[in-house]
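A.B. asks: Sending over a structure as structure tokens; questions will come in a sec.
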Amino acid sequence: MTQDNKIPSKVLKQTPFLLAPMDEVTDIGFRTLCEEEGSAYGTTELTSVDALVRDRVMESRYKKENLKINSIQLFGHNPQTFVDAAKKVKHEADFIDINFGCPSACVNSNDSGAILLKDPKNVRSIVEKLVKEVDRPITAKIRLGYEKTTYLDVAREVEEAGASMLAVHGRTAKQKYSGKANWDAIQEIYDKTDIFLCGNGDITKPEQIDEYMGSHCDALMIGRGAIGNPKIFKDFLEYKNNKNQFLKKQEELKELSREKRDEIKKREQKEYFLRYLHHLKHITLQREVYRIQHQAMYFFKGISGVKELRQQLMQVKTIDEVIKLVEEF
Ligand SMILES: Cc1cc2nc3c(=O)[nH]c(=O)nc-3n(C[C@H](O)[C@H](O)[C@H](O)COP(=O)(O)O)c2cc1C
């Protein structure tokens, strides 16, 4: 049985900010780091149910390790395969999340991801089967539609099928990342359904808590704003708990010289990145040094000397070598 404290809405009522699933970003190291900084929890990169049932997925992609909460995101199209895959990984999962939002042609050509939004009944059949047959809370993540918006029908089906939480990215799949996220649409779902709702799209500033939380959604899901920037969760929590203190600190920071601010930023980002690497060390990501090189570029973007660091990182072969370079940076 699910423990009380392991229900998405309960967890998110306590801490209403969470890291969005992101391919090539939300690995175990990054999810752990963001959880430590205040994200209620993180979700794995999208993982194919077909690959899972054929044992073609490295365990490191979905293992729980030291996370308090692990949400595993699955994509596919056949409800039975979803169930088989979920049963295979559920010992590592607190929640199972379903991807109904991926706009990639390669995923959509396989009738998976956002293309499923074209037919809300398809969405329902997947959610319903997982809710009935897998004893973990099932959550879903959608966009507003594929080309045409279908979000209200989809949200209603997801709710009626028994999902525990719905995350909505306020764009259609065809829009990919263009334009602004449509928060009016997210608000419409909030007004017309009772499912616990996480709003997602273009959240980067704590002031958006006042704009959206409680009026458009119950909690905020943060994607690109968190890439290389785990501190965003700490900032959001600080703003929520003591807005005046947060704003005062921001003002004080602005009064420092540019050099001093850069120095502080570099020190903070180095600390974060070394913690990120520490969380990877005890698992088998050694083979994925290229991914760590990318993450380093996200963490150190805009910091002086980053070009040289990038060149040096291209040469390294192990996490230990990355650690050494970053320590000396
Ligand atoms: C690099 C990258 C990878 C992503 N991978 C996934 C994914 O694996 N699963 C998913 O549901 N959404 C994925 N997304 C979408 C994000 O979860 C999120 O919905 C989107 O970025 C909008 O939120 P944002 O404006 O806060 O970034 C990805 C986004 C980015 C930028």
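The values are calculated or read from the model by the stated rules, or taken from the named source; none is laboratory data. The model shown is predicted, which means the values in this text are computed figures rather than measured ones. All Cβ positions, glycine included, derive from the backbone under ideal geometry; neighbour counts span all protein chains shown.
Residue by residue, here is whether (1) in contact with a strand residue (DSSP E or B) (Cβ under 8 Å, 6 or more places away or on another chain); (2) away from the ligand (no atom under 16 Å from the Cβ); (3) more than 30 Å from residue 313 (Cα to Cα) holds:
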position: 222; (1), (2), (3): yes, no, no
position: 229; (1), (2), (3): no, no, no
position: 243; (1), (2), (3): no, yes, yes
position: 254; (1), (2), (3): no, yes, yes
position: 258; (1), (2), (3): no, yes, no
position: 290; (1), (2), (3): no, no, no
position: 294; (1), (2), (3): no, no, no
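A.B. asks: Let me spell it out: the conditions are (1) outside any loop (DSSP other than H, G, I, E, B); (2) within 11 Å of the ligand (Cβ to nearest atom); (3) under 15 Å from the mean Cα position of the chain (by Cα), and residue 72 meets all of them except one. Which number is the exception?
C.D. replies: So residue 72 meets the others, but not (2).
A.B. asks: Which pairs do you get when a residue that is touching a residue at least 24 places away in the same chain (Cβ under 8 Å) and farther than 15 Å from residue 97 by Cα, found in segment 56-85, comes within reach of a residue that is in a loop (DSSP other than H, G, I, E, B) and within 15 Å of the ligand (Cβ to nearest atom), reach meaning Cβ atoms under 8 angstrom, with the pair 6+ apart or on two chains?
C.D. replies: From residues that are touching a residue at least 24 places away in the same chain (Cβ under 8 Å) and farther than 15 Å from residue 97 by Cα, the pairs are 60/27; 67/41; 68/41.
A.B. asks: Could you say whether any residue in segment 288-307 is under 18 Å from residue 36 (Cβ atoms), touching a residue at least 12 places away in the same chain (Cβ under 8 Å), of a type in the set (Lys, Arg) and surrounded by 13 or more Cβ atoms within 10 Å (Cβ to Cβ)? Break it down into steps so the answer makes sense when it comes.
C.D. replies: Just the residues of segment 288-307 that are under 18 Å from residue 36 (Cβ atoms), to begin with: 295, 298-299.
Then keep just the ones that are touching a residue at least 12 places away in the same chain (Cβ under 8 Å); that gives 295, 298-299.
Next, from what is left, pick out any that are of a type in the set (Lys, Arg): none.
No, segment 288-307 contains no residue that is under 18 Å from residue 36 (Cβ atoms), touching a residue at least 12 places away in the same chain (Cβ under 8 Å), of a type in the set (Lys, Arg) and surrounded by 13 or more Cβ atoms within 10 Å (Cβ to Cβ).
A.B. asks: Let me ask another. Step by step: first the residues of segment 132-159, then only those that are in a loop (DSSP other than H, G, I, E, B) and either among the acidic types (Asp, Glu) or surrounded by fewer than 16 Cβ atoms within 10 Å (Cβ to Cβ) (or both), then the one that is nearest to the ligand (Cβ to nearest atom). Which residue is that?
C.D. replies: Taking the candidates together, the pick is 147.
A.B. asks: Now for a separate question. In this structure, does residue 162 turn out to be in contact with a Leu (Cβ under 8 Å, 6 or more places away or on another chain) and at positive phi?
C.D. replies: Details: in contact with a Leu (Cβ under 8 Å, 6 or more places away or on another chain): no; at positive phi: yes.
No, not satisfied.
A.B. asks: Can I ask one more? Mind telling me which of the residues 179, 162 ends up being more than 12 Å from the ligand (Cβ to nearest atom) and assigned to a loop (DSSP other than H, G, I, E, B)?
C.D. replies: On inspection, the qualifying residue turns out to be 162.
A.B. asks: Those residues that are away from the ligand (no atom under 16 Å from the Cβ) and either part of a strand (DSSP E or B) or of a type in the set (Lys, Arg) (or both), I need them from segment 79-98; list them, please.
C.D. replies: If the condition is that a residue be away from the ligand (no atom under 16 Å from the Cβ) and either part of a strand (DSSP E or B) or of a type in the set (Lys, Arg) (or both), then 87, 88, 90 are the ones that fit.
A.B. asks: Could you go through segment 18-39 and let me know if any residue there is assigned to a strand (DSSP E or B), within 11 Å of the ligand (Cβ to nearest atom) and in contact with a helix residue (DSSP H, G or I) (Cβ under 8 Å, 6 or more places away or on another chain).
C.D. replies: yes
A.B. asks: Now for a separate question. I need every pair where a residue in segment 6-34 that is over 22 Å from residue 274 (Cα atoms) has its Cβ under 9 Å from the Cβ of a residue that is at pLDDT below 95 and not β-branched (Val, Ile, Thr), sequence separation at least 6 or different chains.
C.D. replies: Pairs found: 10/4; 11/5; 14/5.
A.B. asks: Identify, please: which residue in segment 47-69 is surrounded by fewer than 24 Cβ atoms within 10 Å (Cβ to Cβ), hydrophobic (A, V, I, L, M, F, W, C) and within 15 Å of the ligand (Cβ to nearest atom) and is, among those, nearest to residue 87 (Cα to Cα)?
C.D. replies: Among those residues, the one meeting the criterion is 52.
A.B. asks: How many residues does segment 281-303 contain that are part of a loop (DSSP other than H, G, I, E, B) and modelled with pLDDT under 90?
C.D. replies: Number of matching residues: 4.
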